[in-house]
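What follows is a single structure, written as structure tokens, with notes after it.
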Amino acid sequence: MSTPTITKTEARLIGHIIADQEANRADEAIDRRAPGTDEVVSQVLAGGSAEVAAAVRAARTAFDSGAWPKMSVAERALYLNRVADLIDANADQLARLDAEESGKPITTAEGDIGGAAGLWRYAAALALTMKGQTFTGNGPDYTGLVLREPVGVVGLIIPWNFPALILSQKLPFALAAGCTAVVKPSEFTSSSAHLLVKLIAQAGVPAGVVNLVVGDGRAGQALTESDDVDLVSFTGSTATGRRVLAAAAGNMKKLSLELGGKAANIVFADADLEDAAAGVVHGVTFNNGECCVSQPRLLVHASVADEFIQEVSRRMQRVRVGQPLDRETQLGALIHAPHLKRVKSFISGAQEYGGDVITGGQPLSDAALGKGQFMAPALIDRVAADAPIFQEEIFGPVLGVTRFTTASEAIGLANGVQYGLANTIWSKNTDTVLDVAKALKSGTVYVNTTIDAPPQMPFGGYKASGIGREMGEAGFEEFTELKSVSIRTGKRVNSFPQTDWEGVA
Ligand code: NAD
């Protein structure tokens, strides 16, 4: 990829796209300021219930009477692969839009876009495998067909931290299954979704199959409440997830909720400590720490704690904080000023609970960072398990350390939060790794690596981290319904077949 230049651009107008028609006028638009420069880079129309209703109507028509759900899976896969090729061809622009609007380092955004193209290709391959089952073991004249069908019209609500990537964790899987969709990106990062929806049209996907409504939570709420939407797949905070759960009750739509996390890195004394230190720093600074599987808790065995914390501190001080579009940057700008303030408040909050700030958190004086939302990554030792820094999602580059002496103590600490999205184990002992991995209450466990899983692995949360799975075969199946068709051949003689269990309650 070529190096994107850092230039001031005109603010982009980002509108809705409904049945391939772009709406670019509205009474209300939301200014998006780049987190790195505080300049307005885009203006996003504030969609509401009228735009959502129009988009859902378009998706409904495309599903009920359009070609998409009836198409052969081979044909659908062809379209998805074309979209993947167009993502590759437009990778520089997509990465730049995501880095500029989210504040993530451009190199991270480039990784996201490569990953997004891969997800479209993987979903194309899954489309080819779409199948049901048969059951013939209920008498010689019985055939049971289990049909797998697309669930219908889906609403996809996306957060700001991985705009194009999380969109691609949902949309191609829904399309592979034969669903039609209304996409609602975050109001902070709508530009890459806007471009992606245009690329999908360019790939030849029929009008109305994918629709875009931009705007804030009002548009998301309207989509969740719509009686004409069959499934909502939401990624965002646990607080908003609870609102989505309540709003979806009207028509009992299916739900997939990918919510917050509070992962722990558990470092045992027999780990490769150098590898683990590098992983721990990556785990809390990757994507500015604004990552659902970010690792803001370090649980370290007391016997190696002092030496290990020193190494982590040394590495954290070397992390290059800089403008998101600068290729040398490892930690960019946080999403907006209130978020930066909240992240920093965890540092002072930890001190009130007896925490000891080892490094970071201080204001940055580098002139190149101007008006942006930057902070040095912070390391805090002696974090108490009841402190907010241990319990709440921080979503920034702040790492709290708690020491343990036994594996069961480490498991108790790791599981002692409301979340259950991911955890990491660092140990070279197979017994320790397997025992701890089985005891952890999280949808993902990384071992001697972190934030590292291919799309074949299902992803989702235990407890308040969500409902359902994304990616893998399970993620594809979320967008399908099963229909059981029971067939008797031959003639019924005066009665229905007698079975021990009639199958109807
Ligand atoms: P958020 O909950 O504030 O917003 C997410 C999306 O929901 C946005 O598009 C927003 O406009 C929309 N929204 C807001 N109010 C709504 C409502 N009442 N009804 C429907 N939609 C509404 O989250 P965020 O700040 O954009 O993202 C950060 C959060 O997302 C973190 O908590 C993070 O852990 C979580 N996240 C989870 C995963 C995962 O896979 N589990 C991945 C990434 C991010």
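A few comments on the model shown:
- Top-ranked residue of segment 121-173 - restricted to ones that are within 16 Å of the ligand (Cβ to nearest atom), in a helix (DSSP H, G or I) and small (G, A, S), ranked as nearest to L97 (Cα to Cα): A164
- Residue check, V244 touching a helix residue (DSSP H, G or I) at 6+ places or on another chain (Cβ under 6 Å) and over 24 Å from Q418 (Cα atoms): no
- Hey, G115 open to solvent by 10 Å² or more (accessible area, probe 1.4 Å), of a type in the set (G, A, S), within 19 Å of N161 (Cα to Cα) and free of Cβ contacts under 8 Å to residues at least 12 places away in the same chain or not: no
- For the condition near the ligand (Cβ under 10 Å from one of its atoms), within 30 Å of V445 (Cα to Cα), over 19 Å from the mean Cα position of the chain (by Cα) and not hydroxyl-bearing (S, T, Y), A246 qualifies.
Okay, residues lined up against (1) without any contact (Cβ under 8 Å) to a residue 40 or more places away in the chain; (2) farther than 26 Å from K104 by Cβ:
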{"residue": "A385", "(1), (2)": "yes, yes"}
{"residue": "Q391", "(1), (2)": "no, no"}
{"residue": "N415", "(1), (2)": "yes, yes"}
{"residue": "T424", "(1), (2)": "no, no"}
{"residue": "D431", "(1), (2)": "yes, yes"}
{"residue": "L440", "(1), (2)": "yes, yes"}
{"residue": "D452", "(1), (2)": "yes, no"}
{"residue": "P458", "(1), (2)": "yes, no"}
{"residue": "I467", "(1), (2)": "no, yes"}
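- Just one of the listed residues (G420, G412, G396, G416) is over 17 Å from H282 (Cβ atoms) and within 13 Å of the ligand (Cβ to nearest atom), and it is G420.
- Filtered residues of segment 465-494 (kept if among the small types (G, A, S) and within 15 Å of the chain's Cα centre (by Cα)): S465, G466, G468, G472, G475
- Selection count, segment 140-179, where residues are modelled with pLDDT under 95 and either in contact with a His (Cβ under 9 Å, 6 or more places away or on another chain) or crowded, with 24+ Cβ neighbours inside 10 Å (or both): 0
- Selection of segment 298-320 for residues being surrounded by 22 or more Cβ atoms within 10 Å (Cβ to Cβ) and in contact with a helix residue (DSSP H, G or I) (Cβ under 7 Å, 6 or more places away or on another chain) yields L298, L299, V300, F308, V312, M316.
- Of all residues in segment 198-222, those satisfying the criterion of being open to solvent by 10 Å² or more (accessible area, probe 1.4 Å), within 15 Å of the ligand (Cβ to nearest atom) and not small (G, A, S) are D216, R218, Q221.
The values are calculated or read from the model by the stated rules, or taken from the named source; none is laboratory data. Since we're looking at a predicted model, the values are computed, not measured. No Cβ is skipped: glycine too gets one built from the backbone with ideal geometry, and neighbour counts run over all protein chains shown. Surface accessibility is based on the protein's heavy atoms, side chains included, excluding ligands, DNA and RNA. Shrake-Rupley method; radii C 1.70, N 1.55, O 1.52, S 1.80 Å.
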